[in-house]
Amino acid sequence: MGSKTLDLWAGIFVFAGIVALFMLAMKVGNLSSFSWSTNNYVLYANFENIGGLKVRAPVKSAGVVVGRIADIRFDNKDYVARVTLSLENRFQFPKDTFASILTSGLLGEQYVGLDAGGDSEFLQPGETIKKTQSAVVLEKLIGQFLFNKAEGDKK
Amino acid sequence: MPTEHLVEINNVNFAYDNRLVLKGMNMLITKGQVVSIMGGSGCGKTTLLRLIGGQLQPATGSVRVAGETINELGHDDLYRMRRRMGMLFQFGALFTDLSVFDNVAFPLREHTDLPEMLIRDLVLMKLHAVGLRGARQLMPSAISGGMSRRVALARAIALDPMLIMYDEPFAGLDPIALGVIANLIRRLNDALGVTSIIVTHDVQETLALVDYIYFVSEGAVVAQGTPDEIRASTLPFVHQFIHAEMDGPVPFHYSGKPYAQDIGLGEPGG
Amino acid sequence: MNPVVKAIPDVLRGLGGWAIHGLWWLGHVSHFLLEILIHSGTSFRRFNLITREIYFVGIYSLIIIIVSGLFVGFVLGLQGYNTLQKYASEQALGVLVALSLVRELGPVITALLFAGRAGTALTAEIGLMKATEQLSAMEIMAVDPIARVVAPRFWAGVISMPILAAIFSIVGVFGGYIVGVVLIGVDEGAFWAQMQAGVDVFDDVLNGEIKSLVFGVTVTLIALFEGYDCYPTAEGVARATTRTVVISSLTILALDFVLTSFMLGGW
């Protein structure tokens with residue numbers, strides 16, 4: 001076999017590998033829902049408790065993915081979690097938008113939900129969302145329930 | 001012409017693990033000659049070639065080729081030195097995945113930037129010298145043992161070396177092929193002005209071919225001389241070797257207890 | 001003395017010898033890898049040396065990888081459906097098949113098959129070249145066999161392995177699709193949607209590829225080392241080939257555990 005044919009076959013092989021990887025990323029994985037474009041802007045939100053929220057978790061509004069979590073830090077001054085949201089430029093939200101950490105399904109992954117408010121001004125890139133609601137921590141919920149129940153029994 | 005030594009081996013000791021193979025070996029190879037190193041199997045002949053090629057390092061002593069001490073050269077200098085050596089291995093050692101042509105072209109392609117046209121001409125010249133110009137497109141698996149050795153010889157002379165080493169060039173050849181190889185060694189040596197070292201134990205062919213002979217036994221030179229001197233030698237070892245006698249200084253029996261004792265005869269109560 | 005007590009020194013000596021031999025082997029392999037890396041310049045200057053070996057290492061392994069991938073996908077589809085339907089969550093079949101393949105089975109089975117198909121071929125080839133003095137001949141021609149023979153094969157193996165693993169995974173997913181969706185009748189939309197929701201490009205696909213890259217280095221290195229280090233006789237080459245399969249397989253499985261624990265823990 002000539003070295004030309006050999007190179008051709010090696011090329012076909014490598015190409016097949018690239019196609020397979022591409023399909024793994026797009027068809028099998030979630031790369032297609034990623035936006036790689038640079039036309040994103042950043043908003044911040046402070047939460048008292050983020051529960052199991054992870055970097056790259058989706059940011060949804062009305063159930064539609066509008067961005068992703070870019071970063072999660074602990075603010076050592078106010079003792080809150082400071083979450084960086086990376087949103088697509090084409091989605092703008094009013095100043096009084098409400099950010100909450102929600103869970104998809106009963107045991108699914110956690111994401112940040114944005115509920116648009118009625119303000120006429122939009123949030124500017126780099127601004128912090130004022131109104132937030134922390135993740136629901138099951139232990140606290142149960143504790144509260146038991147406490148309330150005990151309170152109720154006393155009466 | 002003053003005698004000039006291309007290879008000088010001075011008091012070399014060499015051991016594989018704990019087995020001492022060469023003990024105080026001394027040898028001088030004169031430029032332009034065909035020199036043979038003879039001795040029984042496993043006496044360190046092949047080791048000697050590997051020391052000259054720098055593939056092995058002596059424990060003590062020095063190996064000098066063309067004025068340079070091989071065992072003190074660095075990697076790059078050693079590789080530069082090796083370009084001026086050719087070696088014919090026992091069974092040719094042709095690259096099995098390359099054709100005859102590509103085998104001979106291999107050293108040229110590796111070491112030169114010659115255009116393919118010129119390489120083609122050079123390769124055909126070398127193949128013509130060994131009479132195998134017509135076999136250039138064959139694969140090594142398709143040619144006989146004698147032919148592959150001739151191809152390997154063409155490959156060994158591809159870079160016009162100053163020294164060609166032959167490791168058992170006659171082993172396992174039919175008489176015709178053997179005669180062809182022996183002739184080629186002599187003709188190439190004289191035509192190219194190189195020095196040849198032949199490691200072998202085929203006595204009669206060698207005596208007819210070479211200029212000088214070293215006899216090696218147990219890691220040291222035991223006899224040396226021109227073919228005529230060797231034929232006339234009265235040394236028992238040389239005598240046994242060239243007349244292929246069964247018993248002599250090299251015993252037929254591996255050392256052990258006396259036979260009678262071993263089979264339970266002789267000593268009473270044994 | 002009690003015979004058991006009497007045997008203890010021998011056992012200890014045996015264990016010690018075994019450990020020392022293992023360390024010696026590890027040192028040799030590391031040194032060999034270093035030599036390969038140092039002498040890799042030629043391979044990249046003359047890339048056609050690598051291309052040629054990719055052909056032999058990659059293309060020759062392709063058929064076995066595709067067929068195995070397909071059958072592993074079939075089996076995953078069947079087994080997965082059988083288990084999932086008990087919990088009425090057949091829709092999760094896609095994510096189950098894809099995650100098993102991308103994270104574990106793809107890299108590991110590909111590496112095992114690669115050791116058996118390409119690894120043994122490499123060991124036998126290098127071993128035979130050594131036994132027939134082709135490597136020595138090259139050395140005496142002032143051509144470094146590590147640079148000319150070993151390094152291109154090493155890089156070809158390292159490049160081919162992640163490609164083969166990706167092909168294995170994608171063929172496996174397709175196999176799962178055939179059994180799950182086409183034959184059994186799981187909803188096609190749910191199959192793909194759940195898969196895409198559950199498989200992360202970085203956590204799963206990329207980690208799988210990193211695994212296969214590590215396996216590629218390991219298997220190719222072991223195969224080449226065993227060939228280069230073998231006793232240059234027919235029997236020596238046969239033994240070296242067996243050792244390649246045994247050592248690579250064990251190393252792959254052990255490394256898989258280590259890498260998985262890293263990936264689940266840290267990343």
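The values are calculated or read from the model by the stated rules, or taken from the named source; none is laboratory data. Just so we're clear, the structure is a prediction, and the values are computed from it rather than from any experiment. Virtual Cβ from ideal backbone geometry, glycine too; neighbours counted across all protein chains shown. Only protein heavy atoms, including side chains, enter the accessible area calculation; ligands, DNA and RNA are left aside. Shrake-Rupley method; radii C 1.70, N 1.55, O 1.52, S 1.80 Å.
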*Would you be able to tell me the number of residues in the range B:144-179 that are open to solvent by 20 Å² or more (accessible area, probe 1.4 Å) and either polar (S, T, N, Q) or closer than 15 Å to B:Val104 by Cα (or both)?*
5
*If you check B:Leu122 against the conditions, is it more than 30 Å from C:Glu35 (Cβ to Cβ), at pLDDT 90 or above and either more than 13 Å from chain C (Cβ to nearest Cβ) or not in a helix (DSSP H, G or I) (or both)?*
yes
*With respect to C:Ala151, determine if the residue is open to solvent by less than 10 Å² (accessible area, probe 1.4 Å), more than 11 Å from chain A (Cβ to nearest Cβ) and closer than 24 Å to C:Arg117 by Cα.*
yes
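Every residue, every condition in (1) open to solvent by less than 10 Å² (accessible area, probe 1.4 Å); (2) closer than 24 Å to C:Asp144 by Cβ; (3) within 14 Å of another protein chain (Cβ to nearest Cβ), yes or no:
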{"site": "B:Val7", "(1), (2), (3)": "yes, yes, no"}
{"site": "B:Asn10", "(1), (2), (3)": "no, no, no"}
{"site": "B:Leu20", "(1), (2), (3)": "no, no, no"}
{"site": "B:Gly32", "(1), (2), (3)": "no, no, no"}
{"site": "B:Val35", "(1), (2), (3)": "yes, no, no"}
{"site": "B:Gly39", "(1), (2), (3)": "yes, no, no"}
{"site": "B:Ala59", "(1), (2), (3)": "no, no, no"}
*Output the residues belonging to the range A:68-119 that are surrounded by 18 or more Cβ atoms within 10 Å (Cβ to Cβ) and part of a loop (DSSP other than H, G, I, E, B).*
A:Phe93, A:Thr97
*Residue in the range C:190-206 that is more than 19 Å from C:Phe74 (Cβ to Cβ), at pLDDT 85 or above and touching a Ser or Thr at 6+ places or on another chain (Cβ under 9 Å) present*: yes
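Select from the range B:91-119 the residues that are assigned to a helix (DSSP H, G or I) and of a type outside the set (D, E, K, R) and list them in ascending order.
B:Val100, B:Phe101, B:Asn103, B:Val104, B:Ala105, B:Phe106, B:Pro107, B:Leu108, B:His111, B:Met117, B:Leu118, B:Ile119
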*asked:* Condition first: at the interface with chain C (Cβ under 9 Å from one of its Cβ atoms), part of a helix (DSSP H, G or I), without any contact (Cβ under 8 Å) to a residue 60 or more places away in the chain and of a type outside the set (A, V, I, L, M). Can you find one or more residues in the range B:63-78 that meet it?
replied: yes
*Enumerate the helices (runs of 4 or more DSSP H) found wholly within the range B:207-270, keeping only those where 1 or more residues are modelled with pLDDT of 75 or more and touching a Phe, Trp or Tyr at 6+ places or on another chain (Cβ under 9 Å).*
B:227-232, B:236-242
*Would you kindly identify the helices (runs of 4 or more DSSP H) lying entirely within the range C:1-120 that contain at least 1 residues that are under 30 Å from C:Val143 (Cβ atoms)?*
C:3-38, C:41-45, C:48-54, C:60-84, C:106-114
